[in-house]
1. With a Förster radius of 41 Å, plug the Cβ-Cβ distance of B:Tyr94 and A:Lys185 into 1/(1 + (r/R0)^6) and report the FRET value to the nearest 0.05.
2. Would you grab the residues whose amide H sits under 5 Å from the one on B:Ile224? Only those 5+ places off in sequence or on another chain, please, with H modelled 1.01 Å from N.
3. Whole-Hz ³J(HN,Hα) for each residue in region B:306-316, computed from phi via Karplus 6.51 cos²θ - 1.76 cosθ + 1.60 with θ = phi - 60°, x for glycine and proline: what do you get?
4. What is the sum of charges around A:Glu90, taking Lys and Arg as +1, Asp and Glu as -1, for the other residues whose C-beta is under 11 Å from the C-beta of A:Glu90?
5. In nm, one decimal, shortest first: how far is the label point of A:Gly217 (7 Å from Cα along Cα to beta carbon) from the matching points in the other copies?
6. From the phi angles alone, apply the Karplus equation (6.51, -1.76, 1.60; θ = phi - 60°) to region A:130-135 and give each ³J(HN,Hα) in whole Hz, x where the residue is Gly or Pro.
7. Amide H neighbours of A:Gly266 under 5 Å, counting only residues 5+ apart in sequence or on other chains, H built in-plane at 1.01 Å?
8. Listed here are the pairs B:Lys185/B:Lys254; B:Lys157/B:Lys254; A:Lys133/B:Lys133; B:Lys181/B:Lys254; A:Lys161/B:Lys133; which of them are more than 30 Å apart at the Cα?
Number of protein chains: 2
Amino acid sequence: MAAARHSTLDFMLGAKADGETILKGLQSIFQEEGMTESVHTWQDHGYLATYINKNGRLPPLVRGGAIDRYWPTADGRLVEYDIDEVVYDEDSPYQNIKILHSKQFGNILILNGDVNLAESDLAYTRAIMGSGKEDYTGKDVLILGGGDGGILCEIVKLKPKMVTMVEISFIDQMVIDGCKKYMRKTCGDVLDNLKGDCYQVLIEDCIPVLKRYAKEGREFDYVINDLTAVPISTSPEEDSTWEFLRLILDLSMKVLKQDGKYFTQGNCVNLTEALSLYEEQLGRLYCPVDFSKEIICVPSYLELWVFYTVWKKAKP
Amino acid sequence: MAAARHSTLDFMLGAKADGETILKGLQSIFQEEGMTESVHTWQDHGYLATYINKNGRLPPLVRGGAIDRYWPTADGRLVEYDIDEVVYDEDSPYQNIKILHSKQFGNILILNGDVNLAESDLAYTRAIMGSGKEDYTGKDVLILGGGDGGILCEIVKLKPKMVTMVEISFIDQMVIDGCKKYMRKTCGDVLDNLKGDCYQVLIEDCIPVLKRYAKEGREFDYVINDLTAVPISTSPEEDSTWEFLRLILDLSMKVLKQDGKYFTQGNCVNLTEALSLYEEQLGRLYCPVDFSKEIICVPSYLELWVFYTVWKKAKP
């Protein structure tokens, strides 16, 4: 028996019913009320449903399908993407590599569920290279990460002396293959060979590489950290993440010339606490540094993103 | 009695239950399944609900509240905005004027439910002025619409000869008041007076003004149409909208110098049919024109937007 009493409704189920069954069973009730009901199902994940009156102004949900259109932003908002095709979806021994096509943003590279970059996002690459204010001609550049090849592709156009890119995810040939085939608007032909006249790609963990360079006294004009976003969590158990981040920063400063610049992405502008914690770390490096930040609109992110420039304070 | 049979569920209600009552009644069932259930209600509009398992990755919906965070994009996708404050909400005799605050985009002007512009959206203003490639020094400029004051504010900085802005919505003093108080990052001090050394704001319907100028033989170097988006609907009853759009275009061409430029926004890049129809109209004007288009990322729109430049073909 199911009786509506004031504002609660008691259900008694003849058998165990899961959420999906219940939602299907409800369709007729909402239809009786003249509401358009639509439900999007993730297998084993949950349901998103809209029930809209005639005067409602919400779009109906796009039902089912192999392609997930509903994602969270970094600051935890729900947004729908215009994904219309799964271009590439492979499990390598290391990770899941997905390239999805967005009608407006082009192909989007997603590693283990983490959005890396879309073909529309030259703004990201420009920002992490210093927003067009730097002269890379004849310079020594170190890129940490940068798997999609966008940064490498843009810098080699600017006649640098040498660009070294260290990307552990390239241990996975399938990432290289996926990018050079489907993210070509971003990486150009730079991933067709991992070595060129003015660049080399090292398939290694960046920590030992940085340690080696530091020991050898090797120095760069620019270090670009495109490894990962600033950790979102601020709980104590995440200390090790901050330790790791600081280790990379310290090592990067060690291989950076005294008048060199370090560029990195931060996080979405709304995660102010995580950004403050990151800036705190910058005050705890082995050498004193200054920094500036810039807020950039990266088209496919659907949220504003913070980028940092860090440099060594002038010696007294 | 409510019995689960395979994949459907039959409900019998003891009394008429509305959607909200049903959704509330369902909470315990979803909780039993270990699902987090959250519902967002619009009064008389409908419901948006998520039911998320522990391994789900969707953010919970923000419940209730006076501020609606869930909006459709122009291409009909569901997106959540980080609205945290209603800054201004007044009904004038002409329209509803709302200014909402977004944590990342700043204040957003909304007239009768239509998003006009956010303080973050200088990219919109730059694009509709020709993306920084034009020299406005000593030029005669006509702005149609442009209520938020952004275009006027940016052009007067560039030492034009005279800018005339024709904005009927300024018949509504409350729009001017709202903008000059809460959209100051966009309009600067340009709306404090409706007349300055090199600009004037006419509170009139632009059609009679254009007709008058055409009759007088008055000509401008630039005409900037910031009136409204290209109509989304492509049904026959919308013919009158296209007629209206063509009337404005024809009149604008009449007051445009032979080597002048006409700038306007188009629509979101995904509405390809509406954009094609607009381009068709450009082939049906009284004089032959050429056009180019540019795709711009306007931060608060959460979708890419098309802007047009139109100019008269050289006389043979």
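Every read-out reported here was derived from the displayed coordinates using simple, explicitly stated rules and does not represent laboratory data. Only a predicted model underlies this, so the values are computations on that prediction, with no experimental measurement involved. No Cβ is skipped: glycine too gets one built from the backbone with ideal geometry, and neighbour counts run over all protein chains shown.
1. For R0 = 41 Å, the calculated efficiency reads 0.35.
2. Excluding prolines and chain starts, which carry no amide H, the hits are B:Leu142, B:Ile143, B:Leu144, B:Phe263.
3. Karplus-based 3J(HN,Hα) across region B:306-316 equals 9, 10, 10, 10, 10, 9, 6, 5, 4, 5, x Hz.
4. Residues close to A:Glu90 contribute a combined charge of -3.
5. Output for A:Gly217: 8.1 nm, nearest copy listed first.
6. Listing the rounded values in order: x, 6, x, 9, 9, 10 Hz.
7. Answer set, sorted by chain and number: A:Val306, A:Phe307, A:Tyr308.
8. B:Lys185/B:Lys254; B:Lys181/B:Lys254; A:Lys161/B:Lys133
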